[in-house]
Structures are given as C-alpha cells and as structure tokens.
Amino acid sequence: MVAIFFSAFWTYTLITALTPGPNNILALSTVTGHGLRQSSRVLAGMSLGFLIIMLLCAGIAFSLVSLNPRFTRVLGGIGGIYILWLALKIVTSQPPGSTTEAQPIGFWASFGLQFLNVKIILYGITALSTFVLPYTEEISGIVGMSVVLAAIGSFGNLCWALAGHLFQKVFQRFGRSLNIILALMLVYCAVRIFY
C-alpha cells in the first residue's frame, strides 16, 4: 500500500511539474530571451510564490475538499483567462535577440503571478487532498508535504529554464516560431481548463 501510494504521488507530482504550464513556459521564454543569470530573479519569484501558494493550499485544503465543485470551476475560469493573457504576451513579444528586447519581468511580478496560476493551485489542492489528507491530518505533515510540493514545482521550472539556457542559440534563431509554439501550448492549457 505504501509503495503504491508513493509511486502514485511521485508520478502525479513530477508529471504535473514537468508538463507545460504557465510557470514552465514563462521560465523557458524568459531564459531564452534574457539568459539564465538575468532571469534568476524571475525564477526566484516563481519559487517563493509557489511555496506560499502550497502553504495556502495546505491551510484551505480541509475546506476545499468538501466545497461545492462550482468553486473549482470559477477558479479554473480565472486561471484559464490568466493563461490566455500569458499566451498573448508571449506571442506578441519580440523574439529573443531583437534590438528592442525589454528586461525580463521582475521578482515581484513573477511572485504575484503565482496567485493567478490555477495550475499550481489545483496541483497543490489535488496532491494534498488525494495523497496527504487521507493519511494524516497533522499540521506538521501537511506543511512538510506542501514544502515538498513547492520544491518539486520549482524543480520543474528549473528544468524548463535550463532547456531555455541550453538551447538559447537555437531559440534565438527561431524566436518568432518559438513564441508562437509556446503561446499555442498555453492556449492548449487554457482549453483543457475550460473543457
């Protein structure tokens, strides 16, 4: 039973952390356009915001498990709109390496965006209600697992950022195409939320 629980937990969290989502695509896009060093504040803001969201999910997981499912639909709708906005920003941005390239978003902007990122909110609520709450109701266990969930999510962001760093020259050469592909991936994420 414990082996099945842990394999399901790790499968869910790693797949969710490594599949395309707003954070991963933002990390890839930012590092591709500005480099790993200049994007470190964006990644740090995402990680801190991710941790706070996971702790908030831990604090409200007890009540959300029993709430009306319509609440999740409203949250999904807000997140879907945010993802579409992010897709629009990426597709209309200048390709990496262009002369009018702006600075990447800052620490506080990437931190604040986490509070609109429905993927990580649902990731936290799902993981906590499915893999943690059935086995423990101790605050220390729930908070500890929230920190683990944030670390796994930040690992996923870092993987996508490193991909942006490793393939930066290729991405700069095909910047417009990359922006369109990334935007379409975000639109797909939004469609999956709405349907």
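The values are calculated or read from the model by the stated rules, or taken from the named source; none is laboratory data. In this text the structure is predicted, and so the values were computed from the model without any measurement. Please note: Cβ atoms are built from the backbone with ideal geometry, for glycine as well, and neighbour counts cover all protein chains shown. These accessible areas exclude ligands, DNA and RNA; they are computed on the full protein's heavy atoms, side chains included. Shrake-Rupley method; radii C 1.70, N 1.55, O 1.52, S 1.80 Å.
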(message) Looking only at segment 35-58, count every residue that is in contact (Cβ under 8 Å) with a residue 24 or more places away in the chain, under 11 Å from Ala161 (Cα atoms) and in a helix (DSSP H, G or I) and tell me the total.
(response) 2
(request) Sort out which residues of segment 153-179 are part of a helix (DSSP H, G or I), modelled with pLDDT under 85 and not small (Gly, Ala, Ser), and write them in order of number. (result) Gln168, Lys169, Val170, Phe171, Gln172, Arg173, Arg176, Leu178, Asn179
(request) Mind listing whichever residues of segment 1-45 are among the hydroxyl-bearing types (Ser, Thr, Tyr), open to solvent by 20 Å² or more (accessible area, probe 1.4 Å) and either within 12 Å of the chain's Cα centre (by Cα) or within 21 Å of Leu182 (Cβ to Cβ) (or both)? (result) Thr16, Thr19, Ser29, Ser40
(message) Tell me the residue from Ala150, Ala109 that is at pLDDT 85 or above, in a helix (DSSP H, G or I) and within 12 Å of the chain's Cα centre (by Cα), please.
(response) Ala150
(request) Quickly run through segment 9-35 and pick out the residues that are farther than 22 Å from Leu186 by Cα and either touching a helix residue (DSSP H, G or I) at 6+ places or on another chain (Cβ under 7 Å) or modelled with pLDDT of 90 or more (or both). (result) Phe9
